[in-house]
Amino acid sequence: MSGRLKLKLLVFVIAFLFGLAAPLIGSNNPNMLLAFGAMIGIIMGLVAAMAVERPEPLAKQFTRAIEEGGLSMAYQPIVTLDANHTIIGAEPLLRWTTEVGDAISPSDFLPMAKALNLTATLNQRVLDMVLADLKPALTGERELCVTLNLEPDEFTDVAKRNALAAKVAAAGIPPHRLAIEVNEIDAADRHIRPAIWDMKQRGFRISIDDFGIGGGDSEYLSSLNPDLVKLNRRFVSLSANGGPVSGLVAELVRLAKKCNGRIVMVGIENADIARRASALGADLGQGFHWHKPMPARDFLELLRG
């Protein structure tokens, strides 16, 4: 039952009981009081339910959640594909639950952020939460790298790159513990590459997301020399069926390995796909087969264990 429906039922019950009790004052006819009270209670309950039915627009709620810290993070571990499945990093995943308890999918609120021109602000909130949530792990002795999705506009401006580097330094976190994640289409843009090179020179790692959706161009890969290359989840799931698609995935892995980056297979949901990913040459994996996204405290506890 959603939070909004629970609120409706609560308001209805309260209003109904109030309607039953109100007429009892100053009257001696129980049947009349009961009938009249029930009628008043139903009317008041319906009116209250109609008021609850018209909540504040989601866009306004979302804007306030960004401004007032109403968002939270979940972290999905990235593991090695050897027998140990060692956690070497994580992907932060944004979560939003409205004030009445409704969980809104990222596929709904991320486009909303873009439409409201709030993507950059949202990503800065994510960065703030990651630095605060995972500081114990990112400043510890264990090597750990967390990916950060950024829009090209957020780091193509040198002033914004300076601000990003300064914020990470102020948190006391070495830049190589963070991987700036750029999708393949943006990474292939020659106008964006100098900014990516600059971030790498500053010590940040570079991750190419959704490799394969732009055709798997080895030229830009070799020029960027990314640290991580994430293969698009559609190729991973399709490769489980064997045949020509498996050959295509193997070729994408070969292209990515030419730049000496580590290949991450995402969306791995079972042992069979994990075995195929390893056989194809992937180095790392991410998916429900090992770990679901979890709150920061659970992720830190997992690392300690």
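The table that follows gives values for the structure above.
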| read-out | value |
| --- | --- |
| Fully extended contour minus Cα-Cα distance, from residue 303 to residue 58, at 0.36 nm per residue | 84.6 nm |
| Residue-level accessible surface for residue 160, protein heavy atoms, 1.4 Å, Å² | 90 Å² |
| Theoretical FRET efficiency, 1/(1+(r/R0)^6), r = Cβ-Cβ of residue 114 and residue 223, R0 30 Å, to 0.05 | 0.60 |
| Label-point separation, residue 213 to residue 292 (7 Å along Cα→Cβ), nm | 2.5 nm |
| Cut-off 16 Å (backbone N to label point 7 Å along Cα→Cβ of residue 257), residues of segment 280-305 | 280-285 |
| In nm, spacing of pseudo-spin labels at residue 202 and residue 121 (7 Å Cα→C-beta vector) | 2.2 nm |
| Theoretical FRET efficiency, 1/(1+(r/R0)^6), r = Cβ-Cβ of residue 99 and residue 248, R0 35 Å, to 0.05 | 0.15 |
| Linear extension gain, residue 132 paired with residue 84, 0.36 nm per residue minus alpha-carbon span | 14.4 nm |
| Carbon plus sulfur fraction of accessible area for segment 70-144, probe 1.4 Å, in percent | 53 percent |
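The values are calculated or read from the model by the stated rules, or taken from the named source; none is laboratory data. None of these values were measured; they are calculated from a predicted model. As a convention, Cβ positions derive from the backbone with ideal geometry for all residues, glycine included, and neighbour counts pool all protein chains shown. Note: accessible area is taken over every heavy atom of the protein model, side chains too, but ligands, DNA and RNA are not part of it. Shrake-Rupley method; radii C 1.70, N 1.55, O 1.52, S 1.80 Å.
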